[in-house]
Structure formats: structure tokens, C-alpha cells
Amino acid sequence: MSLTVEVVTSTNTTSTNTTSSTASPVAPAATQGSQRRTMLALLALSVGGFGIGLTEFVIAGLLTEVSTDLDVSISQAGHLVGGYALAVVPGALAITPFLMKRAPKYALVLLLTFFIVGNTLSAWAPNYEVMFAGRIIAALAHGGYFGIGAVIAAALVPEHRRASAVAALFAGLTIANVLGVPAGAFVGQQLGWRSVFWIISAIGVLALAGLVTLVPKTQPEQNQLPLGQQFRTLARPQVLMSLVTTAMVFGGMFGVFTYIEPLLREVTGYSASAVPWLLVLFGVGLFAGNIVGGWAADKNADNAVLILSILLPAVILGLGAAAAFPVFAAIMLTLLGLVGFATVPGLQARVMRHAKGAATLASATNIAAFNLGNTIGVSLAGVAIAADYGLHSPTISGAGLTLIGLLLIISARMAAHKKNVPAQ
């Protein structure tokens with residue numbers, strides 16, 4: 001259980017921290033029914049998180065297959081990743097506020113419906129445009145599912161177990177990256193990339209059935225500020241600085257990861273069958289980074305973010321330099337997952353620390369910031385490849401974005417020091 005809690009601290013620290021004080025004050029489900037039913041309800045929520053995480057990232061291991069089948073370039077196929085990430089932003093900022101006043105269970109039912117429809121459309125897509133539309137529809141569920149899902153997960157258990165309950169929700173997202181993406185790449189190569197999206201659609205149906213039958217109805221988050229005040233909270237200078245920093249740092253890493261499959265196959269020389277195993281290495285680094293980043297952020301989030309933001313561009317550039325050497329490329333890919341995801345806890349903590357009184361919205365907005373950064377990173381990398389700068393070029397653009405994030409971190413710390421307030 002300790003490992004799971006650490007994973008959540010890194011993937012959505014703020015939700016874990018804030019739900020203990022903001023989740024609806026209903027009697028915990030564990031005291032009203034069997035503990036087994038509560039665990040099954042959390043499992044249902046986690047299955048949804050697994051499916052959503054798989055939807056976002058699995059295509060990174062199938063870019064060549066998708067581009068060939070849909071008759072588009074690699075850079076165009078990469079926009080299926082960036083487009084998804086961009087669509088998370090309006091989903092988080094528009095759909096989540098609309099649903100915050102409603103029963104969380106029914107809000108998640110609606111969001112999972114978007115998810116299922118979008119992935120079914122992607123699996124069936126006869127052309128690139130339909131595939132892109134399916135990705136956009138599925139993305140609308142992303143931010144709200146994790147923002148609202150954290151509230152309902154915390155409401156299912158006594159207060160002293162709320163962190164573990166939210167951990168169960170986000171464990172699905174982490175498992176999707178560690179195991180789901182490599183498995184999806186393998187299945188896609190054996191049975192065709194469309195089979196992966198049919199499977200994801202089935203996962204969505206399973207999650208929806210579990211949500212309807214196993215998750216009890218709870219009340220919306222209590223003590224919320226009026227919506228206008230919540231948005232004004234997000235407009236505070238330090239909050240905006242935090243969100244932009246999140247976008248730059250994570251966007252730089254994700255832009256590199258999106259095009260890692262063609263880099264490993266065409267530059268490093270790995271076979272298609274080796275790619276899923278290499279993605280496992282990335283997942284191992286991600287898992288380790290979740291734990292290390294959570295531990296470091298608990299010790300000193302300020303220093304953790306600064307040090308990791310210095311290391312990340314170095315790792316990205318190192319991956320580009322080592323791309324022609326199979327063993328070193330594999331090592332740097334593992335380090336990319338470790339260092340890149342280790343930045344998340346401090347980035348999450350920073351946003352929430354400066355956004356008092358807007359827990360759910362701030363959580364969803366930070367997810368939107370991650371995904372907006374993903375879009376920027378993928379777009380810059382795609383432009384560089386399309387301009388014939390080569391498959392190494394995403395490492396240059398990615399390192400550049402993370403350096404911008406580093407400068408923002410330093411600027412924010414200096415501004416906070418002048419005002420004698422904490423920077424993280």
C-alpha cells in the first residue's frame with residue numbers, strides 16, 4: 001500500500017492532499033456496508049483511470065502503424081496525441097465546473113460515456129479526420145474524471161484512509177503507463193492498432209458498469225467557493241506561474257516521448273518487436289520516478305522541483321546524443337521516465353499551495369496544464385520533424401521547453417523570496 005500512495009503523490013498529489021478537507025462529509029461507505037464493497041467501488045474507479053491513461057499514452061507506441069494505415073506522416077500521427085492533450089483543457093475548465101455541483105457518481109457516468117464514444121469512434125475510424133474527432137471526444141472526460149473522481153473516492157472511506165482511497169483511483173493511471181502502454185503496443189503490432197482501441201472501449205464499458213453498480217451516491221464537494229471566485233483564485237500571479245511551469249517542464253518531456261517509437265526503430269535500430277519491451281523500461285523509470293519524486297517533494301518540494309528541472313533537460317539531450325547506441329539509448333529512456341515523472345509531485349504541490357479555496361477546479365486545471373504542455377511539446381517536435389530536422393529534433397525542442405520551465409521556477413522563487421512567502 002505504501003508504494004501505491006507514493007504513486008498517487010506523484011501523479012496527483014494535490015488531489016490527495018485536498019480531498020481530506022474538501023470531500024463531502026457523508027458517512028463513509030465502509031461503515032455503512034461491507035469493506036469488500038468499498039474496495040470494489042475503488043477498483044471500479046481505478047479501472048476508469050486505467051482506461052483513460054491508456055487512451056492518452058498508448059498511441060505513442062503505435063505511431064508507425066497508425067500513420068501507415070491512415071496514410072499520414074509520422075508528424076501528423078503525432079497530432080493525435082497532441083490533439084488529445086489539448087482537448088483535455090476545455091474538458092477540465094468547462095465541463096468540470098458544470099459538473100461540480102452535481103452528484104459525483106452521475107458526473108462520472110457522463111464522463112465515461114464521452115470516453116467510450118470517443119474510443120469506439122477511434123477504433124472504427126475510416127480516416128484520419130474521424131480518428132482525430134474520436135480522440136477529442138475521449139479527451140473531454142480526462143480532467144473531470146480525475147478531479148471529481150478524487151472527491152468521490154475520498155468520500156467512500158473514513159478520514160484517516162482518504163489518501164489511500166484516492167491512491168487507488170490514480171493507481172490505474174500509473175499502471176496504464178507502466179504496463180498498459182507496452183502491452184498495447186504489443187497487441188497493436190500483433191492484431192492491428194484498431195484492436196487496441198476496441199479493447200480500451202471495452203475497458204470503458206467495464207468501468208461504467210462497475211461505477212453504476214458498485215459506487216454509492218455521495219454529495220458534491222462541500223464548502224466550495226462561488227465559481228467566479230474559484231476562477232479568480234486560478235488567476236493569481238503565482239498560480240498562473242505555476243501552471244505555465246507545469247506545462248513547460250512536462251511538455252518538454254512528453255514531446256520527446258511521443259516520438260520515441262520512430263526514434264528507437266529508425267535511429268537506434270531496434271526492431272518493432274523490441275519497442276514494447278523498451279516502453280517497459282520507460283514505465284519502470286516512471287514508477288521509480290513516482291516514488292522518488294513523492295519522497296523528495298515531501299522532504300522539500302522547493303529543492304526537488306529545482307534540482308529535477310535542472311536534470312531533465314540534461315537527460316533529454318543525453319537521450320538524443322545516445323540514440324545511435326542501443327544500450328545507452330535504453331538507459332537514457334529509463335532515466336527520462338524517472339526524472340520526468342519525478343517532477344510531478346512538486347509541480348502539483350506548488351499549484352495547490354497557491355490556489356486555496358478551489359480544490360477540485362485547481363486539481364482539474366493542473367491536469368489541463370500538464371496536457372496543454374503535452375500539446376505544445378508534441379507540436380514543436382512535430383514541426384521540427386516535418387521540417388526535416390530529423391528524429392533527433394524532438395530532444396532539442398523538448399530540452400528547450402524544460403529550460404524555459406527552469407527559468408520560470410527560478411523567477412518564481414526569486415519573486416516569492418522578495419515577498420517573504422514560500423515559493424513551493
Semi-axes of the equivalent ellipsoid of the chain: what are they in whole Å, largest first, if each equals the square root of 5 times a C-alpha gyration tensor eigenvalue? 32, 26, 19
Would you kindly state how much longer the chain becomes between L407 and L227 on full extension, computed as 0.36 nm times their sequence separation minus their alpha carbon distance, in nm to one decimal? 61.6 nm
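I want to verify the translational diffusion coefficient of the range 329-388 in µm²/s; compute it with Stokes-Einstein, Rh as the Kirkwood radius over Cα pairs, at 10 °C and 1.306 mPa s.
Calculated translational D: 116 µm²/s.
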About its Cα centre, the chain carries a charge dipole, from +1 on Lys and Arg Cβ atoms and -1 on Asp and Glu Cβ atoms, whose size in debye to the nearest 20 is 1500 debye
In nanometres, the difference between 0.36 nm per residue of separation and the alpha-carbon distance of L240 and M39 is 68.7 nm
Over the chain, with a Gaussian network built from C-alpha contacts below 10 Å, which listed residue (L112, L191, L407) shows the highest mean-square fluctuation? L191
Taking the alpha-carbon distance from K217 and a cut-off under 25 Å, which lysines remain once sequence neighbours fewer than 8 residues away in the same chain are dropped? K101, K105
Partner lysines for K419 [C-alpha distance under 28 Å; skip if fewer than 8 residues away on the same chain]: K299, K356
Rounded to two decimals, what is the ratio between the C-alpha radius of gyration of the range 32-100 and 2.2 N^0.38 Å? 1.58
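In the chain, once you exclude exposed trypsin sites (Lys or Arg not before Pro) (DSSP loop, at most 14 other Cβ within 10 angstrom), what's the longest stretch remaining? If you can, show how the numbers build up before the last one.
Details: sites that count: K101, R102, K217, K356.
It runs 218-355.
For F325 and A103, FRET efficiency with R0 = 60 Å and r from the beta-carbon atoms, rounded to 0.05?
Once the sixth-power term is evaluated, E becomes 0.65.
From the helices alone, meaning DSSP H stretches of at least four residues, give me the mean residue ellipticity at 222 nm for the chain, per-run term -39500 (n - 2.57), in deg cm²/dmol to the nearest 500.
Per the formula, -26500 deg cm²/dmol.
Quick note: the coordinates plus some simple rules give every number you see, no bench work behind them. Because the structure is a prediction, the values reported are computed rather than measured. When we count neighbours, we look across all protein chains shown, and the Cβ atoms used for this are built from the backbone with ideal geometry, even at glycine.
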